[in-house]
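Scroll down for the structure; my scribbles are underneath it.
Coordinate-derived values only; no laboratory data. All values reported here derive from a predicted model rather than from experimental measurement. Every residue, glycine as well, gets a Cβ built from its backbone with ideal geometry; the counts of neighbours run over all protein chains shown.
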Amino acid sequence: MPFAIPKDSYAGKINSLTFGSGDKAVTIGGENGLPFLSFESSISNRPVVALEIQDVAPSDWPDTVRKVYDGVSGSPAQWAKFCQDSLGAKIVALRLVGTHPDRENRSADDAVKTVTEVLSAVDVPVMIIGSGHIEKDAQVLKAAAEAAKGKECIIGKAQEENYRTIVTAAIANNHKIIAMSQLDVNLAKQLNILITQMGFNRENIIMDPMSSALGYGIEYTYSVMERIRQAALVQNDPMMQTPLLCDIGPNVWKTKESAAPESELPEWGSLEERGIVWESVTAATMIMAGCNLLVMRHPKAVETVNRLIGELM
Amino acid sequence: MALSGVEIFKNLPKTNCKKCGYPTCLAFAMKLAALQESVEKCPDLSEAAKQFLGAAAEPPIRGIVLGPKGIKVGEETVLFRHEKKFVNPCPIALNIKDTEGSDAIAKHIADVNSSEIDRVGQMLRVDFVCVSNESGDPVKFAAVVKQVAEGAPNAGLILNSSNPASIEAAITHCADKKPLVYGANAENLDAMVNIVKGKNIALGIYAKGLDALSDLSEKVKGMGVNEIVLDSGARTAKEMVEEYTMIRRGALKKSFKPFGFPVISFVSRDDSTFEAAVASLGIMKYASIIVVSSIEKWKALALLTLRQNIYTDPQVPMQVEQKIYKIGDANENSPLLITTNFSLTYFIVRGEIENSKVPCWLAIMNVEGLSVLTAWAAGKFVAGSISNFIKESGADKLVAKKELILPGYVSVLSGSLEEKLGDGWKVSVGPREANQLPAFLKARV
């Protein structure tokens with residue numbers, strides 16, 4: 001019996017979004033179907049990976065991944081350059097974790113200095129991510145957005161409690177924005193609506209549905225993303241058609257699986273490979289759910305997921 | 001095609017005899033429509049009705065039981081796990097080539113036998129071994145199958161050979177273990193079917209491409225084999241995701257019978273981490289059995305964890321065990337906090353406590369997997385039950401100063417809880433959100 005391929009057609013399309021400047025600019029999104037089903041939809045741009053760097057040395061990263069950056073991680077500019085030149089990063093994601101009041105509590109001025117150094121060290125697009133502290137992020141990202149004017153960065157994360165300041169700064173300085181909500185389809189949509197109501201172009205938004213790591217609630221993220229994608233493509237909801245960001249590094253690299261030595265847990269096997277496979281499989285899960293942009297830490301895991309994306313295209 | 005309850009009801013005797021265990025024929029019809037009951041429960045069904053309903057009630061993807069432990073594969077009913085649970089977790093099978101030396105094979109067997117891990121209370125393991133007849137030699141193949149069947153008596157077996165003579169030689173060593181015979185194709189079909197037919201042994205069939213696979217599946221079915229496992233020859237990541245999607249859609253949405261069977265996926269890559277990433281696609285996108293070329297402990301841990309995550313019931317919250325968890329180097333002077341056993345709540349609270357670097361005791365109370373506010377609203381996370389749990393948990397032996405820190409959202413409970421606990425207990429109110437825990441804990445030190 002001949003098999004008639006059951007194709008679905010999609011009413012909607014994901015916005016495509018270009019960030020960075022010059023010939024190194026990167027475009028994500030643009031697909032008009034569910035992930036990697038090229039027999040019924042077109043995938044204009046493959047998912048891309050940004051390598052994470054920080055404004056302070058990553059003292060809280062497990063050795064397995066920290067040691068990769070020994071020698072450069074004391075200087076954000078050198079670290080960024082290392083990612084671009086030695087690791088071939090297409091995007092650098094600068095996390096200003098040192099500005100968190102519970103961490104080094106660096107000031108907005110300190111952050112501006114770091115942002116300026118990093119931007120002049122590399123020509124690939126830069127993402128500027130705050131520490132996750134609601135009030136401090138509003139101050140820091142506002143200053144960082146001004147310092148990065150003209151570079152068309154992605155800045156974030158704007159959350160329900162602080163999006164106004166961050167969106168205003170993004171409009172004034174021509175940046176894209178990450179809108180993060182907490183693992184909920186409706187909250188994600190609501191935040192996108194609030195941001196566009198401020199006059200921000202919805203095509204400049206990237207949605208962060210809040211990532212989780214393999215074994216630590218990843219099935220929630222996975223299903224929330226699948227539902228967001230169906231709302232965008234099947235139900236053609238324009239407020240859900242923004243590209244999806246998965247910022248997996250902080251979740252993956254604080255799991256026990258990425259840090260506990262083999263001597264403590266012999267049944268879990270080699271620590272080195274365990275951390276890398278944890279980040280790789282987490283990333284693979286996110287791209288199958290529709291992720292357009294990943295932020296990751298271990299170059300071996302990045303290589304693995306890039307190879308996987310290559311095989312999927 | 002699925003029938004509605006009313007359509008089914010029309011074909012029932014309408015006597016409300018209760019012999020099926022339901023009060024009325026309509027109630028039974030509704031269960032049948034939801035695929036939660038089998039028509040055989042009705043003893044008075046006419047032959048015509050039986051045939052009609054039997055065909056309609058057949059699950060769109062057949063379930064097949066394999067291996068000595070009777071692991072069921074297939075019988076999936078949805079494309080997306082948010083619609084309904086994925087039901088039968090895909091077994092992971094380790095591939096062993098019969099060209100490998102006896103010592104190497106013994107090591108593979110040991111790896112399989114020691115692959116069990118405990119993950120949030122579930123025991124997970126590599127359940128199957130696929131023996132591949134690389135040599136083409138029936139004698140060699142049979143010897144390795146024998147070695148595996150004896151060495152890993154609990155593992156399910158996949159006999160992978162396109163040579164019927166090899167299958168015939170090997171199957172004597174495992175016929176009682178419900179093996180999967182894999183490797184029937186257009187050329188060897190008659191001989192392969194003859195081996196399995198009437199023996200209740202499932203047959204894995206291979207044809208490159210979906211049209212050829214559909215033809216082969218129909219042919220095998222026509223020859224009287226009902227337990228079929230499909231391989232469309234998808235080997236690249238792209239082929240896997242696209243072809244498995246088409247097969248599942250065909251079975252579920254188009255009732256395309258030739259594809260109403262479980263799917264077997266072979267992933268083999270030079271790099272083991274990359275192989276794990278490819279196998280993970282199979283777990284998410286519709287493989288029913290996944291054959292991998294190695295199962296290092298770290299790799300099995302990642303794949304079995306992903307499988308557990310993807311196959312959890314989205315309607316039933318994941319729960320963690322009720323007990324007091326020690327975080328960091330907690331001692332009798334460390335703070336004691338309490339929250340509920342919803343796994344996300346636990347993971348997030350635990351993560352933030354770890355971030356704070358302040359060693360703590362974290363009491364996790366069983367409220368059937370609800371979050372703090374929901375459990376409180378449902379009357380499960382209230383002064384009486386919390387007090388009973390803390391008293392029975394032996395918390396008073398862990399901490400010198402009897403103080404319990406309550407989530408900020410249920411601060412209203414602090415007075416009554418302190419009263420119920422008595423015995424010198426003090427109840428303090430913590431922050432509302434987990435991300436405020438580091439600051440809260442550090443301020444106390």
Which ones in the stretch B:243-265 are outside any helix (DSSP H, G or I), within 7 Å of chain A (Cβ to nearest Cβ) and farther than 12 Å from B:SER214 by Cα?
B:LYS254
Looking across the stretch A:213-222 at residues that are touching a residue at least 40 places away in the same chain (Cβ under 8 Å) and in a helix (DSSP H, G or I), the single one that is nearest to the other protein chains (Cβ to nearest Cβ) is A:ILE218
Considering only the stretch B:9-25, I want to know if a residue exists there that is buried (at least 21 other Cβ atoms within 10 Å of the Cβ) and under 29 Å from the mean Cα position of the chain (by Cα).
no
Taking the stretch B:101-123 and keeping residues within 17 Å of B:SER294 (Cβ to Cβ), in contact with a strand residue (DSSP E or B) (Cβ under 9 Å, 6 or more places away or on another chain), touching a residue at least 12 places away in the same chain (Cβ under 8 Å) and not hydroxyl-bearing (Ser, Thr, Tyr) leaves B:ILE105, B:HIS108, B:ILE109, B:ASP111, B:VAL112, B:ILE117
Give the stretch B:367-384 a look and list any residue that's buried (at least 17 other Cβ atoms within 10 Å of the Cβ) and within 16 Å of B:SER416 (Cα to Cα), or say none.
B:TRP376, B:PHE381, B:VAL382, B:ALA383
Just to verify a result, which residue in the stretch A:256-281, among those that are more than 9 Å from chain B (Cβ to nearest Cβ) and either within 23 Å of A:GLY88 (Cβ to Cβ) or small (Gly, Ala, Ser) (or both), is surrounded by the fewest Cβ atoms within 10 Å (Cβ to Cβ)?
A:SER263
Flagged in the stretch B:226-247 as over 18 Å from A:ASP8 (Cα atoms) and of a type in the set (Lys, Arg), in numbering order, are B:ARG235
Single condition B:VAL349 does not satisfy, out of (1) in contact with a helix residue (DSSP H, G or I) (Cβ under 9 Å, 6 or more places away or on another chain); (2) not in a helix (DSSP H, G or I); (3) not acidic (Asp, Glu)
(2)
Does B:SER393 fit the bill of being away from chain A (no Cβ under 14 Å) and over 30 Å from B:LYS285 (Cβ atoms)?
yes
In contact with a helix residue (DSSP H, G or I) (Cβ under 9 Å, 6 or more places away or on another chain), of a type in the set (Lys, Arg), surrounded by fewer than 22 Cβ atoms within 10 Å (Cβ to Cβ) and within 14 Å of chain A (Cβ to nearest Cβ), is that true of B:ARG432?
yes
Out of all the residues in the stretch B:298-320, is one or more more than 10 Å from chain A (Cβ to nearest Cβ), closer than 30 Å to A:VAL302 by Cβ and of a type in the set (D, E, K, R)?
yes
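One line per residue, one yes/no per condition, for (1) of a type in the set (S, T, N, Q); (2) over 27 Å from A:GLY150 (Cβ atoms); (3) surrounded by 20 or more Cβ atoms within 10 Å (Cβ to Cβ); (4) within 14 Å of chain B (Cβ to nearest Cβ):
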position: A:PRO2; (1), (2), (3), (4): no, yes, no, yes
position: A:GLY30; (1), (2), (3), (4): no, no, no, no
position: A:PHE39; (1), (2), (3), (4): no, yes, no, yes
position: A:ALA50; (1), (2), (3), (4): no, no, yes, no
position: A:PRO62; (1), (2), (3), (4): no, yes, yes, yes
position: A:ARG66; (1), (2), (3), (4): no, yes, no, no
position: A:SER75; (1), (2), (3), (4): yes, no, no, no
position: A:CYS83; (1), (2), (3), (4): no, no, yes, no
position: A:LYS90; (1), (2), (3), (4): no, no, no, no
Selection count, the stretch B:385-407, where residues are of a type outside the set (S, T, N, Q), part of a helix (DSSP H, G or I) and surrounded by 15 or more Cβ atoms within 10 Å (Cβ to Cβ):
7
